[in-house]
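So the structure is just underneath, and the comments pick up after that.
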């Protein structure tokens, strides 16, 4: 995952999308949930400051991951999304 803009299934085959997701999972294997959230947040902040991460891309990211989360984690993600959109 080079950046959030590249993390989208559109235009990718199911196999390519699955391989990308598996690569990301391997890269963060053994890390705690906090470390994973911190890494995602850092990447997003960099993108926002560089002007390469739009609100639309943030919304796409949320839409892709929110259904996989329980209510507590989804609420936490919503809070992070709101913070990012303020940057």
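The values are calculated or read from the model by the stated rules, or taken from the named source; none is laboratory data. Computed from a predicted structure; not experimentally measured. Using ideal geometry, Cβ is built from the backbone for each residue, glycine included, and neighbour counts are taken over all protein chains shown.
Residue pairs whose Cβ atoms lie under 6 Å apart, separated by 6 or more positions or on different chains, with the first residue in segment 63-82 and over 14 Å from residue 41 (Cα atoms) and the second modelled with pLDDT under 90, are 74/66. Of all positions in segment 7-17, at least one carries a residue that is modelled with pLDDT under 80, assigned to a helix (DSSP H, G or I), surrounded by 11 or more Cβ atoms within 10 Å (Cβ to Cβ) and out of contact with any helix residue (DSSP H, G or I) (no Cβ under 7 Å at 6 or more places or on another chain).
Collect the residues in segment 35-62 that are surrounded by fewer than 12 Cβ atoms within 10 Å (Cβ to Cβ) and within 21 Å of residue 23 (Cβ to Cβ), keeping them in residue-number order. Across segment 35-62, the qualifying residues are 35, 42.
Suppose the filter is out of contact with any helix residue (DSSP H, G or I) (no Cβ under 8 Å at 6 or more places or on another chain), in a helix (DSSP H, G or I) and modelled with pLDDT under 75; does residue 73 pass it? No, not satisfied. Counting only residues that are more than 12 Å from the chain's Cα centre (by Cα) and in contact (Cβ under 8 Å) with a residue 40 or more places away in the chain, segment 27-53 holds 1 of them.
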